[in-house]
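**Student:** Here's a structure for you.
Readers should treat all values here as calculations from the given coordinates under stated rules, not as data from a laboratory. Fair warning: this is a prediction, and the values are worked out from it, not measured in the lab. Cβ atoms come from the backbone with ideal geometry, glycine included; neighbour counts cover every protein chain shown.
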Amino acid sequence: MIREQLAAAVRQALVDEGVPDVEVHLERPARLEHGDWSTNVALASAKRAGRNPRELAAAIVARLESAGVPHLREVEIAGPGFINFRLAPSWLHEVLTDVVERGTEAFGASEPGSGHHICVEMISANPTGPLHAGHARGACYADALANILTRTGNRVQREYYINDRGTQLDVFARSLAAVRAGEPIPEDGYGGEYILEWGAEMPPGADPLEWGYQRALAEIRGGLERLGIHMDHWFSERSMAETGAIEQTLADLRERGVVYDAEGAVWLRSTDFGDDKDRVLVKSDGEYTYILPDIAYHRDKFGRGFDLLIDVFGADHHGYVTRLKAGVAALGHDPDELEVRITQIVRLEREGEEVKLSKRTGELIELTAMIDEVGADATRFTYLLQSIDSQQTVDLAVIAANTMDNPVFYVQMAHARACSIQRKAASEGIATRPLGEVDLSVLTGERELAVLRSLSEFDEVIAMAARERAPHKVTTWVRELAAAFHGFFHDRYVVGEGIPPEVTQARLWLVEAARVGLAVGLGVLGVGAPEKL
RNA sequence: GCCCCCGUAGCUCAGCUGGACAGAGCAACGGACUUCUAAUCCGCAGGUCGCAGGUUCGAAUCCUGCCGGGGGCGCCA
């Protein structure tokens, strides 16, 4: 709010200076001594105004000083022509009130339904084995992204696409059947130890494909359950074969003239849509390739009314993006309605030693094993520490530890401490007076203001996290908030001897605001906010 | 050969649509506990932002090339 008020005042000042229609950006200076807010408009519009930046800035400042902007204490010109605003602490007291009034439900939230209707597809690993730690990165990312998009006003559905037919599943079934029959696993089969376990587990007479795929799916669901990730929809590829959706999609593509027959196969003219070669939709043996059902699936999603599809894939599927987008475009959709986010690979270590591929699966360590070792909260928080664009190295020993170098612990600790203060106040019989009756102006210490300043950033942070599909920005923020709160906790007692009652009251509300911020930050990331540790 | 991601402090990483002397955590060193969780806090130290050009009043940020690391280029998924 203060941001808009300042921007409006600057805009008006520019108009009065005869420089209309300028976009005014207000930024938070990197350094506190540059003020609470700053703008570079004078630099940015100097050329257009035909004036020198500092001179233009001076003119703006002169007008602002008489404009009566709330909370504004001082305006200065700095460097080549930045305008810096210094505000009275009262602007942060207003932030406190705002945070408390919005509470955990609404803090950082935009108007519900103001955005898109989005389908976030995540993981979609073949039901041929357990999820591993790499899948988990994508799952944690996608789930947090879905939370962020929901909070910023979108309607979001989480979906898992199950490849419950096709070559991979056949191979899987043959591997299970071989184990059951006491025969060696086929050359091209699945070789992990879980195949031996599952093969032995399979009841006699069971259809290895049906049984195996249900077994794998149960494993996958169980893993996600433990991470606290819930799908709104498990979409079965097979269901499309049953409803004829795949045939319809092919017919649709034929009608659009983007399909041709050659060499006994049916091809999609994907080169018309940016692909580097055309792709086979139906093989010469009459079977579909994976891409046709995938196009049909995306067609189905559009048919269900989503106006934006976000697919989260692992790095090993990046080569697939162009042809999938081509498929969507071939259906007549704007390719921008399908957005694919790629998560880069994860490398696991234990005390600096690389964790070798799991014997059980022949791939990365399993998700459930990781949760057993470090817990669900640490798994989720760790995966959300950094951008998905870069490879990640995770040391399991570090994130399993309840120590300072474990960031999830640090943030949860801040939340637990906030709760502990509230418990303390309650046990001392201190009644919290209504916020409106409490004098917040006693909150002037830098420790207190730092917490509020951090809280004041959240609306921008979550908006940017949503826009850039970057949940890690929320992680960075909540770590900073936690740091500010630990500092406050250490230096400013809320309850105790020698603390005036009015200060206790104001600080109790500060604690509540911080608690809301920490709970919302952690909640959006899918990480628990415990009241005690 | 072509495509994608990355290359910032000893280590792991932030750095917003380009902006003011490049930030955090860990590790190292030095401090701080009679009161709400010291599982914390404070201080000090540490960087040619891979390299070379370009655009700009201004580049870690945008563009080009090169070097290095990772991933991908099937009538597999």
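**Student:** Give the lysines reachable from A:Lys424 as a straight Cα distance under 17 Å; neighbours fewer than 8 places away on the same chain don't count.
**Tutor:** A:Lys532
**Student:** Under 5 Å between amide hydrogens, which residues at least 5 positions from A:Phe235 or on another chain qualify, with H placed 1.01 Å from N in the peptide plane?
**Tutor:** So A:Phe235 has HN proximity to A:Tyr160, A:Tyr161, A:Ile162.
**Student:** Another question about this same structure. Can you give me the angle between helix A:458-467 and the longest principal axis of chain A, using Cα atoms only, in degrees from 0 to 90, rounded to the nearest 10?
**Tutor:** The helix A:458-467 is inclined about 30 degrees to chain A.
**Student:** Under the rule of at least 5 residues apart or a separate chain, name every residue whose amide H is placed under 5 Å from the amide H of A:Leu348.
**Tutor:** Answer set, sorted by chain and number: A:Val355, A:Val394.
**Student:** Starting at the first residue of the stretch A:207-221, write each ³J(HN,Hα) from the Karplus equation 6.51 cos²θ - 1.76 cosθ + 1.60 with θ = phi - 60°, in whole Hz, x for Gly and Pro.
**Tutor:** Karplus-based 3J(HN,Hα) across the stretch A:207-221 equals 6, x, 6, 5, 5, x, 6, 5, 4, 5, 5, 4, 4, 5, 4 Hz.
**Student:** From the phi angles alone, apply the Karplus equation (6.51, -1.76, 1.60; θ = phi - 60°) to the stretch A:71-78 and give each ³J(HN,Hα) in whole Hz, x where the residue is Gly or Pro.
**Tutor:** Result, rounded to whole Hz: 6, 6, 9, 7, 10, 9, 9, 9.
**Student:** Do me a favour and compute the ellipsoid semi-axes for the stretch A:3-85 from its Cα gyration tensor, root of five times each eigenvalue, largest one first, whole Å.
**Tutor:** Computed over the stretch A:3-85, the values are 18, 14, 11 Å.
**Student:** So which lysines can A:Lys301 reach, going by Cα to Cα under 18 Å and dropping same-chain residues fewer than 8 places off?
**Tutor:** Correct list for A:Lys301: A:Lys325.
**Student:** Also, quick follow-up: Whole-Hz ³J(HN,Hα) for each residue in the stretch A:327-333, computed from phi via Karplus 6.51 cos²θ - 1.76 cosθ + 1.60 with θ = phi - 60°, x for glycine and proline: what do you get?
**Tutor:** With coefficients 6.51, -1.76 and 1.60, one gets x, 5, 5, 5, 7, x, 8 Hz.
**Student:** For the stretch A:156-300, give me the percentage of DSSP beta bridges that are antiparallel, rounded to the nearest 5 percent.
**Tutor:** Of all bridge pairs located within the stretch A:156-300, approximately 65 percent are antiparallel.
**Student:** If you don't mind, there's one more thing I want to ask. Take every Cα pair under 8 Å in chain A that's 6+ residues apart, average their separations, divide by the length, and report that relative contact order as a whole percent.
**Tutor:** It rounds to 15 percent for chain A.
**Student:** Please list A:122-132, A:420-430 highest first by mean number of surrounding beta-carbon atoms within 10 Å per residue.
**Tutor:** A:122-132, A:420-430
**Student:** Can you say what percent of the DSSP beta bridges in chain A, counting only those with both residues inside, are antiparallel? Round to 5.
**Tutor:** Of all bridge pairs located within chain A, approximately 50 percent are antiparallel.
**Student:** How large is log10 of I(q)/I(0) for chain A at q = 0.07, 0.10, 0.13 Å⁻¹ when the intensity is taken from the Debye formula with one equal scatterer per alpha-carbon?
**Tutor:** Reported log10 I(q)/I(0), two decimals: -0.54, -0.94, -1.25.
**Student:** Remind me, what semi-axes does the stretch A:407-524 give for its equivalent ellipsoid, largest first in whole Å, using sqrt of 5 times each Cα gyration tensor eigenvalue?
**Tutor:** They are 27, 14, 12 Å, listed largest first.
**Student:** Could I ask something else about it? On a C-alpha basis, how far is the centre of the stretch A:148-227 from the centre of the stretch A:234-299 in Å? Whole number, if you could?
**Tutor:** Each part's Cα centre sits 25 Å from the other's.
**Student:** Near the amide H of A:Tyr288, under 5 Å away, which other amide H atoms are found, from residues 5 or more places off or on another chain, if H is placed in the peptide plane?
**Tutor:** Those qualifying (amide H under 5 Å, at least 5 residues apart or on another chain) are A:Lys283.
**Student:** Report the relative contact order of the stretch A:109-236, percent, no decimals, based on alpha-carbon pairs under 8 angstrom and at least 6 residues apart.
**Tutor:** 32
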